Structures are given as structure tokens and as C-alpha cells.
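**Q** Next up is a structure, given as C-alpha cells.
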Amino acid sequence: MSHLAESSTPSRKRSRWEQTLDDADEQLLQARESLPPKRRSKSKTQASRLADSSHTPPLPTGPLAKPLVPSARPRHSIYAPPRILYPSFRPARSVYNYERLNQIEEGSYGVVFRARDKQTGDIVALKKLKLDEEKHGFPITALREVNALMACRHENVVNIREVVVGDTLTQVFVVMDFIEHDLKTLITLMPAPFLQSEIKTLMLQLLSAVSHCHYHWILHRDLKTSNLLMNNRGTIKVADFGLARRYGDPVGVGGLTQLVVTLWYRAPEILLGATTYSTAIDIWSVGCIFAELLLKEPLFQAKSELELISMIFKLLGPPTSSSWPDYTTLPLAKSITLPPQQPHGAALRQRFPYLTNAGLDLLSKMLTYDPEQRITAEEAMQHPYFKESPLPKHPDLFGSFPSAAAGEKRRKPFDSPSAPQRLADYKLITEFDLP
Amino acid sequence: MSRALYPLASLEQVEKSPSREDGIPADLEEDLRAYGCKLIHQAGILLKQKQVAVATAQILFQRFWFVTSMKQFGIGDVGMGALYLASKLEECPLRMRDLINVYDLLLQRAAHAPPSGDFRYAPMSYFGNAFYDLKDALVVAEMQVLKRLGFDVHVVLPYGTLVNYMRLLDLTGREDAVSRAWGYLNDALQTPVYALYPVPTIVSAAILLATRHLHIALPSTPPNCWWELFDAEWDDVWSVCGYVMRLYRTRSAEDEERVKGMLTKKDVRRWLEEHGDR
Ligand SMILES: Nc1ncnc2c1ncn2[C@@H]1O[C@H](COP(=O)(O)OP(=O)(O)OP(=O)(O)O)[C@@H](O)[C@H]1O
Ligand SMILES: [Mg+2]
């Protein structure tokens with residue numbers, strides 16, 4: 001590109017944001033706010049809003065599109081927050097800022113500890129990422145996990161505080177808020193199942209988290225009750241983004257791997273070998289979780305993929321050309337013999353005899369075969385089930401439960417299969433996904 | 001809550017660059033940053049890597065030097081590590097071996113190519129020390145980029161925003177303006193601006209440069225300044241233009257050679273010993 005005749009190099013004079021930073025205090029910001037808005041017309045605000053919609057997915061309405069800046073700042077649109085709000089570059093701190101308490105659990109992917117922040121005294125969870133013997137540098141799965149957690153900050157997603165490092169290059173820990181329970185353990189240890197009003201609250205929270213992730217182009221890909229944490233205030237936090245990844249990028253995303261989602265929660269399109277899939281796979285898992293909350297045990301406790309497929313067909317009836325038009329195009333569809341048709345919805349109704357019609361309708365919309373027709377998280381939150389009596393219970397009214405993670409070793413409830421061999425998954429992604 | 005904002009340099013980080021604290025003059029640091037980004041760009045072309053991964057790598061590379069001195073890490077290694085990392089972030093991972101080969105070629109060419117005349121690349125053996133040294137350097141550099149940036153590697157690229165702004169300014173019909181502005185955005189990747197200013201400011205600067213060059217008039221007198229539509233401050237926009245324009249100034253042969261001899265931290269340390277006064 002050539003030199004522009006008419007622009008001389010401007011002096012490197014300090015610009016306005018730097019001055020603002022100079023005396024970076026709220027007073028100044030407030031003073032600026034109280035000034036009459038400088039030459040700002042209504043149309044300008046609208047234009048600015050429109051202007052930068054490329055920053056974020058094109059859904060500027062709805063409950064999720066809260067402005068970044070809590071109080072309305074007259075000078076800036078929500079897409080161009082004031083310079084002072086941007087975080088600076090902050091090197092990872094040392095893990096020695098935390099005092100290790102007890103080990104919570106060893107997952108298939110990392111070890112989780114309870115720890116105390118030496119400065120603040122806060123109790124946190126440290127998840128050590130498995131990095132040793134990596135032939136490909138920093139594992140792409142660990143990168144996705146950290147990025148997804150940072151990208152999906154939400155009331156119902158476990159809060160990532162920072163990433164800290166140990167003495168060697170292989171010691172990296174994700175620091176999260178410590179959450180007392182996981183839903184799977186709770187369900188098994190509870191003497192009675194959750195009440196309908198409680199289930200509604202939990203489902204709304206879960207759906208809100210999932211819709212938030214999807215809005216930010218993140219698929220979780222491993223939703224199940226053991227990855228849902230719950231605090232003593234009745235709030236669910238989605239955790240374990242170890243299989244998460246970005247989707248739907250106009251550029252950049254190669255083929256998706258099939259080895260995702262723990263078997264029992266795996267959507268039929270994955271089981272049948274689809275190579276392109278989307279947010280609908282998370283919704284299927286949410287449907288399985290909904291059913292598990294109602295039944296107090298997992299919906300499909302299959303030992304193999306084939307058994308799972310046959311369980312699904314038994315419960316929902318075999319797919320038809322209208323319930324799943326693309327079924328026959330799926331790689332594994334030919335190898336499967338469909339059972340005879342049965343009265344629509346009878347088996348499902350039988351399995352959930354006490355669920356209201358609205359509840360059953362929502363469940364079957366989540367467990368819809370055709371991913372295109374399956375309900376979205378956002379739609380599900382508007383479902384009449386949540387508006388009929390009994391209404392969702394306020395989280396504060398949930399009883400509190402003794403935390404297994406804080407002290408006593410957790411009992412292993414039903415032996416749910418762990419996430420599909422992460423190592424194998426990792427190999428798939430790194431070795432076979434190459435351009 | 002919405003997605004967290006991407007990080008930008010704080011005032012203190014702008015004023016106290018670690019390299020300058022180590023005695024590396026500002027103009028040399030600027031040249032080394034730009035050259036490191038050029039290497040990333042060239043490697044990207046040779047590897048047929050996606051532009052989004054290359055741009056992301058350049059931005060991570062620029063951020064890195066706000067928290068690390070060039071006396072500690074070489075621009076070659078860090079560029080290689082940043083490209084490796086960015087390729088994973090953009091879901092188009094590179095084979096380590098391919099990346100190492102390409103960087104080896106680029107570094108040899110920079111170090112040995114005579115100003116004129118042809119350069120013969122001596123490919124390295126996969127089992128030789130050179131390969132393993134570079135491989136170690138790559139793994140370390142990738143980790144250092146992550147560590148020193150606190151694992152916050154969220155990058156927002158400017159291209160979508162440019163398309164939007166051009167539409168709002170009713171300039172989509174002017175393909176020359178769009179492609180020129182696009183070019184400035186790419187050139188700006190060789191400067192620190194993506195680590196200094198929010199995307200709307202940088203895109204406004206690219207549009208300003210493009211429309212001025214093509215003599216396209218846009219409302220620019222208060223109270224109707226087009227950049228205000230995008231919440232950009234004139235001073236910031238102008239400063240970004242300055243960074244970009246400095247790339248095009250003519251440079252002496254010595255300046256260009258000086259940079260090529262300083263791709264590793266060893267070279268930088270030697271230069272500091274020879275020229276340093278501290
Ligand atoms: N923030 C947290 N607070 C409390 N406990 C946690 C937290 N994060 C994780 N845990 C506990 O550690 C367990 C394993 O964590 P996580 O699921 O993230 O790791 P993983 O290795 O991916 O596990 P797996 O493969 O078994 O699903 C969780 O099931 C939960 O019991
Ligand atoms: Mg888990």
C-alpha cells in the first residue's frame with residue numbers, strides 16, 4: 001500500500017483514553033456521565049447499535065443482550081464500551097497463591113482440588129489440567145475448556161476466576177468458584193425426588209446457561225448431571241467444558257468429531273454417525289437431564305451404543321420420514337432395523353405417569369429426533385410448562401444439603417460411563433482433523 | 001452477563017514496555033515487532049494457513065511484548081509459538097513439523113540471504129539437533145504466550161465490523177474503498193494497535209485512510225462526524241493512522257539489516273552488549 005500524500009504522521013500525543021486512565025476513578029466517569037450528552041441524537045445510538053453487531057452474534061434482543069456497562073453511559077453504545085473497561089494483559093499468577101485443602105475428585109481429564117485463596121480466604125476449586133506427555137504442545141481440548149469458560153460467563157455457568165501455573169510447564173490449574181454439590185450425587189443421596197416446582201427452577205437455570213453458551217457460539221457437548229454443580233442457594237452451575245468447542249464459525253471450523261457426549265446423554269444423530277451437528281445435541285442432553293430429575297435415575301442406562309439406540313426407539317417410537325426426514329441419509333441408518341411403529345407417545349406417557357401434559361410436551365420437544373425440529377434452549381424457556389402451577393420455586397427456598405465435595409469422600413452413585421475416551425477424542429482432533 | 005471484553009494494554013503497559021526497560025530503543029522494538037509479524041504472515045502463506053489464524057497470531061504476538069522483553073524471548077520463537085497457538089484457537093491446528101520447517105526456512109533466509117543473489121535453503125534433518133531445538137523452542141514459546149497473557153487469548157478480528165461500517169456509511173458500492181480499508185486493517189496487524197485500541201477505533205482509522213486516499217467525502221465537521229457514529233475518538237483514530245502510516249516510510253538499508261540480525265534473544269543480547277549503555 002502506498003504512502004498517503006495528505007496524511008502526515010500525527011504526533012504520538014496521548015489520546016483521551018489514556019488521560020481517562022490517568023485518573024482512572026469512578027468520580028471522573030461519573031462526572032462525564034452527568035454532563036449533558038455531547039451531540040448525541042437518538043438515531044446515532046441506534047446506528048451504533050446496529051453498527052457493530054459483528055462483534056457478537058446477531059441477536060441483539062432478548063434477555064441475554066444486557067449491556068456490558070451496568071449503568072447507561074450516554075456516550076457509548078453497548079458495542080463500544082469505554083476504553084477504561086477493557087482489562088489489561090495479566091500474566092498467570094502462581095498456584096502458590098492458593099492453599100490446597102482436599103482433593104475432590106479425579107475426573108478422566110484432570111484432578112480437582114478444594115483450595116483456599118491465601119489473600120482473600122475464599123474457598124475455590126482448582127482443576128489441574130493434564131498436560132504431561134503432550135506431543136502437540138498445549139492440548140487443544142484444554143484450550144477450548146479455558147476459552148469456553150471465559151467466553152460463557154453467566155450466573156448458571158461455573159465462574160472461572162483465573163488460570164494459575166505451578167513450577168513446571170506442565171502444571172496449569174483452572175481456578176473456579178467452589179460449588180458444594182453436583183447434581184448427580186444430590187439426586188442419588190436425596191431421600192425424595194425434587195419437587196416439580198424445584199425441577200422447573202433447575203431446568204430454567206440450565207436452559208438459561210445453555211442458551212447463553214449457544215448465543216456465544218459454544219457447544220458444551222458433555223451435559224449430564226455429574227457436570228452440573230449446585231450450590232446451597234439452589235443455583236445450578238454448568239461445569240466441565242472439557243469437550244466444549246466453538247461451532248458455526250463462518251470460517252475456521254473443520255469437521256466435528258463424533259466422539260462426544262457421554263453415552264447416556266448422546267443425541268441420536270451422533271449415534272447414527274452424523275458429522276455435522278449443532279446446538280441440538282446439547283438440547284437432547286438437557287432432555288435426558290430433565291427426565292433424570294423426574295425419575296431420580298438416568299433415563300437411558302445403556303451399556304452400548306446399539307442398546308442405547310434400541311432404548312430410544314422403544315421409548316419414542318422409531319423415527320419416520322416426517323419425524324426425521326434426514327434419517328435415511330445418516331451413515332449408520334442402513335445398518336439398523338427399525339422396530340414396528342407403536343401408538344404415538346404411549347411409551348413416554350407410561351414412563352412419566354405423573355407429569356402434566358405440558359411437561360410431557362416439553363420433554364418430547366427436547367427428545368425430538370430431527371435436530372432441525374428439536375426445540376431450542378431459548379424456546380424451551382418460554383414453554384407453558386414453566387407457567388403452569390406449581391410455579392418454579394425460588395432458589396432460596398431449596399433446602400440445603402451436606403456437601404460431599406467439602407468433606408467426606410463422595411460416594412460413586414450409579415457408575416455412569418465417563419466422557420468418551422478423551423484421549424481418543426483428543427487424538428482424533430489433533431491428528432485427523434488436520435487440513 | 002455478556003462475554004468478557006478482550007484485553008488491551010493499560011497505560012502503564014504502554015509507557016513501560018519491558019523491552020525498552022531492558023534498553024532496547026523504541027524504534028528498534030517497533031521494527032522487531034513489525035518484522036516478527038511479517039514472519040508470521042509469510043509462514044502463514046507457506047503453510048496455506050487460514051487468514052483468521054494468522055491475524056490472531058499476530059495480535060497475540062503484539063500483546064506478548066507488552067508483558068515480555070525481547071531480551072528474554074526471540075521474535076522468531078514467539079511468532080512461531082503464537083501461530084501454533086492461534087491455529088488451535090481457530091480450529092485449524094498445524095502440524096508441528098510443518099511449522100518448524102517453515103520457520104527454519106524463514107529464519108535461515110533472513111539470516112543468510114545476501115541482499116541480492118539467490119539463497120539456497122539447506123533443509124534440516126528430522127533427527128538433527130536443529131529440529132529438536134526448534135521444537136523445544138516452539139513448545140516453550142506457545143506456553144509462554146499463554147502464561148504471560150494469563151490464558152486470556154480472546155481476540156476479536158476487525159473484518160466483520162468493517163463490512164458493517166461500510167454498509168452504514170453507504171460505501172458498500174465502492175469496492176475500491178472496501179478493499180483498501182481491508183488492506184489497511186491487514187497492514188495494521190504489523191503494528192501494536194490491536195493491543196492498544198478497541199476494534200471500532202481501528203476500523204474507523206482504516207476507513208479514514210481509505211476514504212482520504214480515494215477522495216471520498218464523509219461528514220467530518222462537528223456535530224456531524226462519521227467516526228462518532230462508531231464511538232471512536234478522533235485522537236485515537238488519528239493515532240492508529242499514525243501507526244499504520246509509519247509502516248510505509250522509507251527505511252535505510254542498515255535499518256532493514258539490523259532487524260534481520262536480531263531474530264533471536266541471543267542476537268538481541270549481543271546487540272545490547274555492543275550498543276547498550278546500561
Ligand atoms: N467448581 C467446582 N466446585 C466443586 N466441585 C467441582 C468443581 N469443578 C469440578 N468439581 C468436581 O470435580 C468433578 C470433576 O470435574 P470436571 O467434570 O470438570 O472434570 P473432568 O475431569 O472433566 O471430569 P469427568 O471426565 O469425570 O466428567 C466434578 O464432577 C465435580 O464433582
Ligand atoms: Mg465432568
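The values are calculated or read from the model by the stated rules, or taken from the named source; none is laboratory data. It should be emphasised that the depicted structure is a prediction, and the values quoted were computed from it without experimental measurement. In this analysis, Cβ positions are derived from the backbone assuming ideal geometry, glycine residues included, and neighbour counts consider all displayed protein chains.
**Q** Output the qualifying pairs, or none if there are none: Cβ atoms under 6 angstrom, residues six or more apart or on different chains, first residue in segment A:144-162 and small (Gly, Ala, Ser), second residue surrounded by fewer than 22 Cβ atoms within 10 Å (Cβ to Cβ) and not in a strand (DSSP E or B).
**A** Hits for this filter: A:Ala151/A:His216; A:Ala151/B:Arg3.
**Q** Separate question: Need pairs with beta-carbon distance below 9 Å; first residue more than 7 Å from every other protein chain (Cβ to nearest Cβ) and of a type in the set (Asp, Glu) and within segment B:136-159, second buried (at least 20 other Cβ atoms within 10 Å of the Cβ) and assigned to a helix (DSSP H, G or I); sequence gap 6+ or separate chains.
**A** none
**Q** For segment B:1-68, please list each of the helices (runs of 4 or more DSSP H) lying entirely inside it that holds at least 1 residues being facing another protein chain (nearest Cβ under 9 Å) and surrounded by 21 or more Cβ atoms within 10 Å (Cβ to Cβ). Break it down into steps so the answer makes sense when it comes.
**A** Numbers: elements: B:11-15, B:18-21, B:26-46, B:51-64.
Here the list reads B:51-64.
**Q** Within segment B:56-74, does at least one residue satisfy the condition of being out of contact with any Asp or Glu (no Cβ under 8 Å at 6 or more places or on another chain), modelled with pLDDT of 95 or more and on the phi > 0 side of the Ramachandran plot?
**A** no
**Q** Then there's this: Is there a residue being modelled with pLDDT of 85 or more and either over 17 Å from the mean Cα position of the chain (by Cα) or within 13 Å of ligand 2 (Cβ to nearest atom) (or both) anywhere in segment A:248-257?
**A** Looking for residues that are modelled with pLDDT of 85 or more and either over 17 Å from the mean Cα position of the chain (by Cα) or within 13 Å of ligand 2 (Cβ to nearest atom) (or both), one finds none in segment A:248-257, hence no.
**Q** Within segment A:322-343, does at least one residue satisfy the condition of being among the polar types (S, T, N, Q), within 21 Å of the chain's Cα centre (by Cα) and at pLDDT below 95? Spell out how you get there, then give the answer.
**A** Initial filter on segment A:322-343 (among the polar types (S, T, N, Q)): A:322-323, A:328-329, A:335, A:337, A:341-342.
Right, trim to within 21 Å of the chain's Cα centre (by Cα) and you get none.
No - not one qualifying residue is present in segment A:322-343.
**Q** For the subset of segment A:153-171 comprising residues that are more than 8 Å from every other protein chain (Cβ to nearest Cβ) and touching a Phe, Trp or Tyr at 6+ places or on another chain (Cβ under 8 Å), which member is nearest to ligand 2 (Cβ to nearest atom)? Can you show your working first?
**A** If we filter segment A:153-171 for residues that are more than 8 Å from every other protein chain (Cβ to nearest Cβ), which is where we start, we get A:156-161, A:164, A:166-168, A:170-171.
Pick out the ones that are also touching a Phe, Trp or Tyr at 6+ places or on another chain (Cβ under 8 Å) and you get A:164, A:166.
Values: A:Val164: 20, A:Gly166: 22 Å.
Across segment A:153-171, the extreme among qualifying residues is A:Val164.
**Q** A follow-up question, please. Any residue at all in segment B:88-107 that's under 12 Å from the mean Cα position of the chain (by Cα), touching a residue at least 12 places away in the same chain (Cβ under 8 Å) and closer than 21 Å to B:Val268 by Cβ?
**A** Start the filter on segment B:88-107 by keeping residues that are under 12 Å from the mean Cα position of the chain (by Cα), which leaves none.
No, that holds for no residue.
**Q** Report the residue count in segment A:222-235 for those that are assigned to a loop (DSSP other than H, G, I, E, B), of a type outside the set (S, T, N, Q) and more than 12 Å from ligand 2 (Cβ to nearest atom). Before the answer, list the steps.
**A** First pass over segment A:222-235, keeping only residues assigned to a loop (DSSP other than H, G, I, E, B): A:222-224, A:231-235.
In the following step, the residues that additionally are of a type outside the set (S, T, N, Q) were identified as A:222-224, A:233-234.
Right, trim to more than 12 Å from ligand 2 (Cβ to nearest atom) and you get A:233-234.
So the count comes out to 2.
**Q** Given the conditions (1) more than 14 Å from chain B (Cβ to nearest Cβ); (2) surrounded by 21 or more Cβ atoms within 10 Å (Cβ to Cβ); (3) assigned to a helix (DSSP H, G or I); (4) within 16 Å of ligand 2 (Cβ to nearest atom), and given that A:Met203 satisfies all but one, which numbered condition is not satisfied?
**A** Going through (1) more than 14 Å from chain B (Cβ to nearest Cβ); (2) surrounded by 21 or more Cβ atoms within 10 Å (Cβ to Cβ); (3) assigned to a helix (DSSP H, G or I); (4) within 16 Å of ligand 2 (Cβ to nearest atom) one by one, A:Met203 breaks only (4).
**Q** A further question on this structure: Among the residues of segment B:170-191, is any without any contact (Cβ under 8 Å) to a residue 40 or more places away in the chain, under 16 Å from the mean Cα position of the chain (by Cα), under 28 Å from A:Pro81 (Cβ atoms) and crowded, with 21+ Cβ neighbours inside 10 Å?
**A** Looking for residues that are without any contact (Cβ under 8 Å) to a residue 40 or more places away in the chain, under 16 Å from the mean Cα position of the chain (by Cα), under 28 Å from A:Pro81 (Cβ atoms) and crowded, with 21+ Cβ neighbours inside 10 Å, one finds at least one in segment B:170-191, hence yes.
Condition check ((1) more than 10 Å from ligand 1 (Cβ to nearest atom); (2) touching a residue at least 40 places away in the same chain (Cβ under 8 Å); (3) crowded, with 24+ Cβ neighbours inside 10 Å) across all residues:
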{"residue": "A:Val165", "(1), (2), (3)": "yes, yes, no"}
{"residue": "A:Val175", "(1), (2), (3)": "no, yes, no"}
{"residue": "A:Ile179", "(1), (2), (3)": "no, yes, no"}
{"residue": "A:Ile187", "(1), (2), (3)": "yes, yes, no"}
{"residue": "A:Ser197", "(1), (2), (3)": "yes, yes, no"}
{"residue": "A:Val210", "(1), (2), (3)": "yes, yes, yes"}
{"residue": "A:Leu219", "(1), (2), (3)": "yes, yes, yes"}
{"residue": "A:Asn227", "(1), (2), (3)": "no, yes, yes"}
{"residue": "A:Thr235", "(1), (2), (3)": "yes, yes, no"}
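**Q** Scan segment B:196-214 and give yes if some residue there is surrounded by fewer than 23 Cβ atoms within 10 Å (Cβ to Cβ), touching a residue at least 40 places away in the same chain (Cβ under 8 Å) and either touching a Leu at 6+ places or on another chain (Cβ under 6 Å) or not in a helix (DSSP H, G or I) (or both), otherwise no. Let's see the steps before the verdict.
**A** Taking segment B:196-214 and keeping what is surrounded by fewer than 23 Cβ atoms within 10 Å (Cβ to Cβ), we get B:211-214.
The next check asks that each one be touching a residue at least 40 places away in the same chain (Cβ under 8 Å); those that pass are B:211, B:214.
Those left that are additionally either touching a Leu at 6+ places or on another chain (Cβ under 6 Å) or not in a helix (DSSP H, G or I) (or both): B:211, B:214.
Checked against the condition, which is being surrounded by fewer than 23 Cβ atoms within 10 Å (Cβ to Cβ), touching a residue at least 40 places away in the same chain (Cβ under 8 Å) and either touching a Leu at 6+ places or on another chain (Cβ under 6 Å) or not in a helix (DSSP H, G or I) (or both), segment B:196-214 yields at least one hit.
**Q** Let me ask something else. Can you find a residue in segment A:76-98 that is at pLDDT 50 or above, part of a strand (DSSP E or B) and not aromatic (Phe, Trp, Tyr)?
**A** The first filter runs over segment A:76-98 and keeps only residues at pLDDT 50 or above, leaving A:76-98.
This time we only want the ones that are part of a strand (DSSP E or B), so: A:94, A:98.
With the extra rule that they be not aromatic (Phe, Trp, Tyr), the set shrinks to A:94.
Yes, the conditions are met somewhere in segment A:76-98.
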